[in-house]
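Following: one structure in structure tokens, then a few remarks.
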Protein chains: 4
Amino acid sequence: MTPVEVLDFVAGVFPESDPEKTAIDELRDNYVRVRRTTDSRDLRPGGTISGPSMMALADNAMYIALLAMIGPVALAVTTNLNINFLRKPEPGDLIAEAQILKLGRRLAVGEVTIFSDGISEAVAHATLTYSIPPR
Amino acid sequence: MTPVEVLDFVAGVFPESDPEKTAIDELRDNYVRVRRTTDSRDLRPGGTISGPSMMALADNAMYIALLAMIGPVALAVTTNLNINFLRKPEPGDLIAEAQILKLGRRLAVGEVTIFSDGISEAVAHATLTYSIPPR
Amino acid sequence: MTPVEVLDFVAGVFPESDPEKTAIDELRDNYVRVRRTTDSRDLRPGGTISGPSMMALADNAMYIALLAMIGPVALAVTTNLNINFLRKPEPGDLIAEAQILKLGRRLAVGEVTIFSDGISEAVAHATLTYSIPPR
Amino acid sequence: MTPVEVLDFVAGVFPESDPEKTAIDELRDNYVRVRRTTDSRDLRPGGTISGPSMMALADNAMYIALLAMIGPVALAVTTNLNINFLRKPEPGDLIAEAQILKLGRRLAVGEVTIFSDGISEAVAHATLTYSIPPR
């Protein structure tokens, strides 16, 4: 699938992944880099970005990486997500780099590293497992 | 802190924890049961509730349990969240039961089990670690 | 399967689960309580028990709980283990309580709480996912 | 610390990390690559390597990477380990690449990818948190 096809499909099944807030910066086999703008609903007092916003982004980026590999499978579902919050994000765009570590017949495992745009040290790191329905 | 004090404080620091959607059903030492209404933003096609909504609820419930024990510490931050999605939630209220497993000087660890209201089998189970600032 | 049948089967596939060190104290649907003696190989300087010994016990206890439900399936494999170390174990026996949270057709998810024998506060808490081969 | 100093120190506090089985192939800031030979105690029927052996290696490799950065601190303890088992390891040496993602004052977070020697696809991927005592 192309970036546009993937985003269109994801917008239909991830209602919270506001397509106007999400862009695919780079997409290749087993990898995607997603950019997500943030707004006031993503913020915590002090200007940092909330944990749930980062968790939603990690889930979304992995789903995009997976769909680009296996095609539109709305029923692929997250079975496990583990996230470590490393540093306070700066206000501004978040960048999520998703790398698929294993794409099996029934399970896909990947890792997602989240950055504040323009800063080299990660703000969060997640690993996720998706269950893939029989095809 | 009383349930009302906790919810007021949380509403200030967790902007996404819409206080009109959240109620504390039971609060005692190291434990809280939280009820959260859901709306169209929480839904996936087919009527199930999105993973990010459940992750936000798990984080929120653990934070409530922790604040009730240590008092208003806005700077307590989630450092790790691990969640297993077990079954499709039904549309309707979610119930989160948070149990603190360890309340240390620097770290608190807890588990949160999430149910669809009225159904005994859990829809998700999370473990979380919070870092507690020096007091 | 009975406790004796389960332990005999596990001893064949988990070579490190020295059957002379492991006993089933209680076994019922979706639950097992396992007792494990420790020896010098499990210890750290200062007399505490090593993390890897507790991880192996968590894995072993969940496997026992699962086998007791689905029968001897050597090919059930751990796909994910998340463990939080809560307190220093005392020297002596470890008690692991494994509870299956979901027993699906393809995946089983459970939690294991580990105690030092006779002490009510847990020393570690793990969640595990097993992949179950087609039957 | 040099590789030899690190291994000597680790051998004293990780009794199960048999120093004759462990070698440091590469050590630089925030990164180590560890090689570990396996023997009959690490094996499962069918010749694959047991999960607990891989968990112990992940813990050990992260500890080595951390000690090389902060010096000999026996009391640095693992607080969380999350591991995904991706593929069956082949019999033979395991290679663990540990990368520190955050080295804070109180917590260090890293990821460890484990390979069968000579094979490019990972057999397991872990993330770990260590608590660092006040210095």
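The values are calculated or read from the model by the stated rules, or taken from the named source; none is laboratory data. Note that the structure is a prediction, hence the values are computed from the model and not measured. Every residue, glycine among them, receives a Cβ derived from its backbone with ideal geometry; neighbour counts consider all protein chains shown.
Couple of notes before you dig in:
- Taken together, the criteria place D:MET55 among residues that are within 16 Å of D:THR113 (Cβ to Cβ), touching a residue at least 12 places away in the same chain (Cβ under 8 Å) and within 10 Å of chain C (Cβ to nearest Cβ).
- Extreme residue, farthest from the other protein chains (Cβ to nearest Cβ), among residues of region C:84-126 that are free of Cβ contacts under 8 Å to residues at least 24 places away in the same chain and of a type in the set (S, T, N, Q): C:SER120
- Residue satisfying condition, being more than 12 Å from every other protein chain (Cβ to nearest Cβ), on the phi < 0 side of the Ramachandran plot and crowded, with 23+ Cβ neighbours inside 10 Å, within set B:VAL32, B:VAL73, B:VAL6: B:VAL32
- Filtering region C:56-78 to residues that are assigned to a helix (DSSP H, G or I) and among the polar types (S, T, N, Q) leaves only C:ASN60.
- Of the numbered criteria (1) assigned to a strand (DSSP E or B); (2) more than 12 Å from chain B (Cβ to nearest Cβ); (3) under 21 Å from D:ILE83 (Cβ atoms), the one A:LEU81 fails is (2).
- In region C:14-55, the residues that are in a helix (DSSP H, G or I) and either at pLDDT below 85 or over 18 Å from D:ASP42 (Cα atoms) (or both): C:PRO19, C:GLU20, C:SER40, C:ARG41
- Test result for C:THR48, touching a helix residue (DSSP H, G or I) at 6+ places or on another chain (Cβ under 6 Å) and hydroxyl-bearing (Ser, Thr, Tyr): no
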